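Novice: Can you keep this structure in mind? I'll have questions shortly.
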Amino acid sequence: MTKTFRSAFLIPVAMAMVAPGVAQAQFSDNYNFLKAVKDRDGQKVTDFIQKPGSTVINSRDVTSGENALHIVVARRDNSWLTFLLAKGANPNLTDNDGNTPLMDAVQARFEEGVRTLLAYKAQVDKANDNGETPLIRAVQLRDVGLVRLLVAQGANVDKRDSLAGMSARDYAARDNRTPGLADALDAAKDSSAAKPSGPVQGPVF
C-alpha cells in the first residue's frame, strides 16, 4: 500500500470514527438544554447558551419537534419566555404539527405570552399543517380579546385554512353565540403589543 493510498484510505476512516462522537455530543447538548428548560434550571440553561458557537437555544425535541419556547408557553411562563426570546430564540420555529409558539399561546389563551411573542416578531399569520392561523384559532375559541389583539397586529382575517377552506371571518360569521366576535375582526390597528423598552426582566435564578 503506497503512502498516498494509505492517507486517502485512513482520513475518511478517521472522520467516520470522529463524526459519531461529534453528533452524539450535539444531541446530548440539545437534550440536556431542553431538559434544563423543563426543570427551570436557569444556571444550566445559561451555561449552554453561552458556549461559544452554541445553537442549542433553537434545538428541537426529537419526538415532538417542540423547542424551548413551546415548553415555556405550555406552562404559561412569561418570564422564561421573555428571557429565551431576548437570548435569541426564534419565535417562528414549528413543532411536528406546524404549530408555532404563538399558536400554542393562543390555544392556551395565554394572552401575556401572545403579546410577548408578537413583540419579538412572531409571524402573526404563520399557519400550521392544517392551514390554521393563530387568528382562526382565536375565533374558533371565541376569544374576543385575542382576536382584537391579533387583528391589531395585522392578522389577515381572510386567510383560509386548508382543513375547511374557511377564514377567520367565515368562522366568525357562523358563530351566533359570541357578541362582538365579528366586530372584533374589523378592529383598527393599534400598538397594544409594542416591544417592551428598557432592560429585559427574565426569570430569577
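Every number in this text was worked out from the coordinates using simple rules, so none of it is lab data. In this text the structure is predicted, and so the values were computed from the model without any measurement. All Cβ positions, even for glycine, are placed from backbone atoms using ideal geometry, and neighbour counts span all protein chains on display.
Novice: Run the paramagnetic zone check for ASP170: 7 angstrom along Cα to Cβ, then residues of the range 113-155 with backbone nitrogen under 19 Å.
Specialist: 125-142, 155
Novice: Further question: Just to be sure I follow: if Rg is taken over the C-alpha atoms of the range 66-183 and Rh is the Kirkwood radius over the same atoms, what is Rg/Rh?
Specialist: Computed over Cα atoms, the ratio is 0.97.
Novice: Here is a follow-up. Just subtract the alpha-carbon distance of THR63 and ARG76 from 0.36 nm times their residue separation and send over the number in nm, one decimal.
Specialist: Answer, rounded to one decimal: 2.5 nm.
Novice: Can you compute the label reach from ASN156? Point 7 Å from Cα along the Cβ direction, backbone N cut-off under 12 Å, restricted to the range 164-186.
Specialist: What the label zone holds, given the 12 Å backbone N cut-off, is 167-168.
Novice: Starting from the Cα-Cα distance between ALA108 and LYS44, subtract it from 0.36 nm times their residue separation and give me the gain in nm to one decimal.
Specialist: The span from ALA108 to LYS44 would gain 20.3 nm if fully extended.
Novice: Could you sort out which of LYS121/LYS159; LYS87/LYS159; LYS44/LYS121 sit more than 23 Å apart by Cα distance in this structure?
Specialist: The answer is LYS87/LYS159; LYS44/LYS121.
Novice: Can you list residues whose amide H is under 5 Å from SER167's amide H, if they're 5+ apart or on another chain and H is modeled 1.01 Å from N?
Specialist: The answer is ASP161.
Novice: Something else about it: For the range 45-129, what ratio Rg/Rh do Cα atoms give with a Kirkwood hydrodynamic radius?
Specialist: Rg divided by Rh gives 0.95.
Novice: Modelled label-to-label distance, ALA86 and SER28, 7 Å Cα→beta-carbon offset: nm?
Specialist: So the label points at ALA86 and SER28 sit 3.1 nm apart.
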